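Please read the structure below before turning to the comments.
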Protein chains: 2
Amino acid sequence: MEIKPLDHIRVVLVKPQHGGNIGSVCRAMKNMGLSRLVLVDPPTLDMDELRMMSMTAIELYENRVEVPTLGEAVADCVCVGATSARRGFYRHHALDVREFATEALESTARGEVALVFGPEDSGLCNDDLKQATHIVCIPSSPEYQALNLSKAVMVCAYELYVAAGNFVPPEETVPDAPHEFRERMFTAWSEAMVDTGFCKEDKLDHMMMGLRRILTRGRLSEPDVKILLGLARQAQWAAKNDLNRE
Amino acid sequence: MEIKPLDHIRVVLVKPQHGGNIGSVCRAMKNMGLSRLVLVDPPTLDMDELRMMSMTAIELYENRVEVPTLGEAVADCVCVGATSARRGFYRHHALDVREFATEALESTARGEVALVFGPEDSGLCNDDLKQATHIVCIPSSPEYQALNLSKAVMVCAYELYVAAGNFVPPEETVPDAPHEFRERMFTAWSEAMVDTGFCKEDKLDHMMMGLRRILTRGRLSEPDVKILLGLARQAQWAAKNDLNRE
């Protein structure tokens, strides 16, 4: 069985306070393909809130590991990223979360990785940060740096997911129109411009440049060119056959 | 006074259901330097939850704009990104949120930008998506694609904030066409399709979706939209006046 990089990355919550936040963290993790949750010394949690916020991701909580200390939570890890919004002693050697995501993914080839988040009110303390191989910061506005816990997890999990390359962009199933077909369509339009009286011959080149500029900004598929060709031909036809006069 | 790109980007929530989510959106926006919130047709909201979740970002709610329709929310925008997790007809031409962030920042040099999110339970409907210049998707695990509303906003706002940090505005000499002008052009085309006999009423929506898809692949300037509007009007006129018959 193939082992996926994200299966080697655990999210560690140190002394999380609110069941709702933990549920919300589970949902964010599952959205981004993470499955391994470790709680360090959690209090008794409000399970109703936890269930409500986790939606169908409650399995992540059910499969959690609980340990009394951060040291135990990351004992087998080769790479430990500790998130911190604060600046100061030891905290200025920070990677931003996008840089860390690359590091973390590379580390999964060599061992286990942890990403650690502090309590909602205070964040990680200096003793926790000491145990990290990397300090990870999430870019945020100087006006208001404190992210909600589950949102901080979401941004980190999102960067890991994108870095892991799991995401397969939606594929186009229809072929691009070849040059020849596009040119037939442009020819039909240049005829339609004259036939409908949209412009005279002397302005035609200028107007066709405009239309070419508009229609070559993105790719054009065969169905696209069919629509455009059909519209031009129909406008020519309509100009020669008065459909709507009584 | 220097105007910052993020000040030209509004977050539009279409029929948001829960006060708590709106508060949480305000906090995420403020974390990422966004300040402009527009609510489309919101219900009566639970203000206690809203206040609790917004923390010190309640000012964003207090400064919100409320409008009855999405059209009004984005009327003056040159770039309208609609978020969608679902796949299917019309939704496969999506940019991922990182690509969109670059587009959006560039567009702020030319006008206003909107990023639109649907109701918590259902997301944006096809009629909403029609009004967008870009469909924006957030990479997420196929196992569980549905992001909580405020988390979806957080990921998008984070990408915009990061993109804004490296942003050098390009110079543009012609203005982008605002939403309202583009919509007049699309209306003229839908009339022209019928008047020229290009298609019957029952195929009109399908054909218009095709045309919208083609014409929203790149930016449309005011001169571009003038050409397209002129062509449609002339085709209508020609269908009613036979120019070329002897």
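Bear in mind these aren't lab numbers, they're just calculated from the coordinates by the rules spelled out. As the structure is a prediction and not an experimental result, all values here were calculated from the model. Cβ coordinates were reconstructed from backbone atoms using ideal geometry, including for glycine residues, and neighbour counts include every protein chain displayed.
Distances between copies at A:G71, taken between label points 7 Å from Cα along the C-beta direction, are 6.7 nm in increasing order.
Could you check the simple spin-label distance between A:E106 and B:R184, using points 7 Å along Cα→Cβ, in nm with one decimal? Here the modelled spin labels are 5.5 nm apart.
Each copy carries a label point for B:P175 at 7 Å from Cα toward Cβ; from one copy, the others' points are 4.4 nm away, ordered from shortest. With a 10 Å cut-off around each Cβ of B:31-44, the average count of Cβ atoms from other chains is 2.
For the listed peptides B:95-102, B:234-241, B:196-203, A:54-61, a ranking on the average number of other beta carbons within 10 Å per residue, highest first, reads B:234-241, B:95-102, A:54-61, B:196-203. The angle separating the long axis of helix B:19-31 from the principal Cα axis of greatest extent in chain B is about 90 degrees.
The helix-based estimate of mean residue ellipticity at 222 nm for the protein assembly as shown, built from -39,500 (n - 2.57) per DSSP H run of four or more residues and divided by its residue count, is -14000 deg cm²/dmol to the nearest 500.
Too long at a 29 Å Cα-Cα cut-off: which of A:K30/B:K4; B:K4/B:K151; A:K15/B:K151; A:K30/B:K30; A:K4/B:K15?
Table pairs above 29 Å Cα-Cα are A:K30/B:K4; A:K4/B:K15.
Backbone amide hydrogens, once placed in the peptide plane, bring B:R36 within less than 5 Å of B:V11, excluding anything fewer than 5 places away on its chain. Each label was represented as a point 7 Å from its Cα along the Cα-to-Cβ direction; for A:M209 and B:K240 these points are 3.3 nm apart.
Annotation: lysines with alpha-carbon distance below 25 angstrom to A:K203 (same-chain offsets under eight excluded): A:K240, B:K226, B:K240. Distances, shortest first, from the label point of A:G197 to those at the same position in the other copies read 1.9 nm; the point lies 7 Å along Cα to C-beta. Shown is the FRET efficiency for B:D76 and A:K4, computed with R0 = 56 Å from the Cβ-Cβ distance and rounded to the nearest 0.05: 0.80. In terms of surrounding Cβ atoms within a 10 Å radius of their Cβ, A:H206, B:H18, B:H179 rank from fewest to most as A:H206, B:H18, B:H179. Averaging the sequence gap over all C-alpha pairs within less than 8 Å and six or more residues apart, then dividing by the number of residues, gives region B:90-146 a relative contact order of 56 percent. Assign one of three labels to region B:5-165, namely rounded, prolate or oblate, based on the Cα gyration tensor with a ≥ b ≥ c the square roots of its eigenvalues; rounded applies when a/c is under 1.5, prolate when it is not and a/b is larger than b/c, and oblate otherwise. It comes out rounded by the Cα gyration axes.
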